[in-house]
Every structure is written in C-alpha cells, then in structure tokens.
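Report on one structure; see the data block that follows.
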Amino acid sequence: MRRHLDSGYTMVKMKVGGAPLAEDMSRIEAVKAAIGNRAQLAVDANSKFERDEAIEYAKAMSPTSCAGMESRATRSTSRR
C-alpha cells in the first residue's frame, strides 16, 4: 500500500473474504492505520460473498469509513 501512496494514489483497494471476518477486520484496521489520511481505502471480495455474508461484512466495516466494498453477491437461500 505504501508504494501506491508514494506513487500518488489517493485511493487503495485491498482484497477481503479469504479469511474469517474478524481477521479481515484486523487487516482493514491495520491498513487504515498505515495509510492514515493519505488515501481512502476500498475493499474487494472478488464475488466471494453470498448476500447474507456481504451484509455482515458491510455492517462490520461501517465504522471504518471505507470508501466502498466491491463484490457481486450471489443470491442467498435465506430471505429477510
């Protein structure tokens, strides 16, 4: 991430969804701390999530002020 910041990027994106939510949240918090106010952070799950898991991640990430979450959610078998 620092290399991108040093190149002048004002937004960086990291992959999520390959680890449990708690671990991904720790990674997100570490990246947010590393980039400070130099850039915004977005996350990408590469279409890994079903609808319910995407909602769970979005709720967990809400306090982190991430710029966005990219992931096409597949239809879940449960309905809300």
Test K15 against the stated conditions and say whether it is touching a residue at least 24 places away in the same chain (Cβ under 8 Å) and touching a Gly at 6+ places or on another chain (Cβ under 6 Å).
no
M14 vs. criteria modelled with pLDDT under 90 and either among the small types (G, A, S) or not in a helix (DSSP H, G or I) (or both):
no
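The values are calculated or read from the model by the stated rules, or taken from the named source; none is laboratory data. Everything numeric here is computed off the predicted structure, so don't read it as measured data. No Cβ is skipped: glycine too gets one built from the backbone with ideal geometry, and neighbour counts run over all protein chains shown.
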